[in-house]
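The values are calculated or read from the model by the stated rules, or taken from the named source; none is laboratory data. Note that the structure is a prediction, hence the values are computed from the model and not measured. Positions of Cβ are generated from backbone atoms using ideal geometry, with glycine treated the same way; all protein chains shown enter the neighbour counts.
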Amino acid sequence: MLWFVLFCGLLAALWLYARGRPAPPLTVKLPDAPVPMAIAHGDERGSGLFPGNTLLYMREMSRLGVDAIELDLNLTRDGHLVLMHDMELDRITSGRGRVIDHTLAELQQLDLGMRWTRDGEHYPYRDAPLRICTIDEVFEAIPDMPLIIELKNNDLAAARAMCEVIRRTGHQQRVIVSTFHKRVIDEFRRICPEVTTGAAMGDAILFYAAQLLGLEKLLRPAYQTMQLPLRYFGLPVIGPRFLRAAHALGLHVSVWTINEPGQMAHLTRLGVDGIVTDRPDIMKNINRIESNNKQEVHNA
C-alpha cells in the first residue's frame, strides 16, 4: 500500500511539473568539445592546488586553463555576497561565528587561508594572508571564465543579491547559478530568467525518479543544468540511462567531486558534460589523452 501511495505521489508531482513552463535555452557560453569540461572545485580543505574561494584560486585556475570555475557564496550581514563554502567561519578562517552575522568590513579583516594545508604539517598562507572577497571582485578579476555559483543561504535575499550583481555587471552569459534550496532558486529564476540555473535537490530527486520509470519526457525542467554527485546515500546516480534521459531534455550534466584519474576517464567515456574536481590539472591531462584517442579512431 505504501509503495502504491508513493507511486501515485510521484505521478502527481510529474503531472504538476509537466504543466509548468520549461526553462529557456542554455544562455551561458560553455566550450564545445568532445570531452567533459574540466571544472575547478573551490576546495578549502587542502585537496586542491590552492585554497578555494579565494582570488588566488580564481586567478591560478584561469591561468591553468580550466573550462569553468565552481565557487560558493554566502550573504554578509550588510547584504554582500562573499566567497565562502561554510556558513560558519571557524573551520577555515581566523574568525568565529556565522558569516551572516558579520559585515563585509569585519569579514575582510580575517585570514581565509590560515588553516589550509595539503599535508597537515605545512600552512603556506599563514605568512601571506588571503582576504575574503566578494563576487563583484571575482567578476572584475576574472572577466571571461564561466562560473558555476552555489548560493549557500536558504534566504530569498541571496537570490535577489545575486540577480542584482549579475545584471549590474552584465555577466548574464557567463554564470550558472544553483543552490540546494528550492525556494531560493525558484525566486532567482523568477526575477532573473535570463540566467542559466542548476537543479535544486528536489528537482534532481524528481528527475532521478522519473528517469528510473522512463517518464522523464513528462518533465518540463525549470533548469538547464545539473551538478550532481556520483552517488547519493549509497545509490548510483550517474549512468547511461540517466545521461540519455538528461540529454534528451537538453540538460547539461556535471559530476562532483571527482579526483581519481580512473573515475575521470570512466565518466569521460560515459559521456558526462563536465567533471568538477579539486585536481583540474589531472582532468586536463585525461582530456588530452581521450581527445587524442578519439582523433585516432576518427582517422583510422
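Here is how the numbers come out for the structure above:
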quantity	calculated
Every residue from the stretch 135-153 that is farther than 19 Å from PHE50 by Cβ, part of a loop (DSSP other than H, G, I, E, B) and within 16 Å of the chain's Cα centre (by Cα)	LYS152, ASN153
Test set (1) surrounded by fewer than 21 Cβ atoms within 10 Å (Cβ to Cβ); (2) within 19 Å of ILE185 (Cβ to Cβ); (3) in contact with a strand residue (DSSP E or B) (Cβ under 9 Å, 6 or more places away or on another chain) - GLY202 fails condition number	(3)
Positions within the stretch 172-194 being without any contact (Cβ under 8 Å) to a residue 60 or more places away in the chain, surrounded by fewer than 19 Cβ atoms within 10 Å (Cβ to Cβ) and not in a helix (DSSP H, G or I), in sequence order	PHE180
Residue within the stretch 158-165 that is under 23 Å from ILE275 (Cα atoms) and at pLDDT 95 or above present	no
Any chance LEU81 is modelled with pLDDT of 95 or more, of a type outside the set (Asp, Glu) and buried (at least 23 other Cβ atoms within 10 Å of the Cβ)	yes
Residue that is more than 16 Å from the chain's Cα centre (by Cα) and in a loop (DSSP other than H, G, I, E, B), where the choices are ALA222, ALA246, ALA209	ALA222
Residue in the stretch 132-140 that is surrounded by 15 or more Cβ atoms within 10 Å (Cβ to Cβ) and under 16 Å from ALA222 (Cβ atoms) present	no
Single residue of ILE132, ILE100 found to be modelled with pLDDT of 95 or more, under 24 Å from ALA161 (Cβ atoms), part of a loop (DSSP other than H, G, I, E, B) and aliphatic (A, V, I, L, M)	ILE132
Conditions (1) at pLDDT below 95; (2) within 23 Å of MET87 (Cβ to Cβ); (3) buried (at least 21 other Cβ atoms within 10 Å of the Cβ); number of the one not met by LEU219	(2)
Residues that are under 19 Å from ILE176 (Cβ atoms) and either without any contact (Cβ under 8 Å) to a residue 24 or more places away in the chain or of a type in the set (A, V, I, L, M, F, W, C) (or both), drawn from the stretch 195-218	VAL195, ALA199, ALA200, MET201, GLY202, ASP203, ALA204, PHE207
Residue in the stretch 47-70 that is at pLDDT below 90, part of a loop (DSSP other than H, G, I, E, B) and not β-branched (Val, Ile, Thr) present	yes
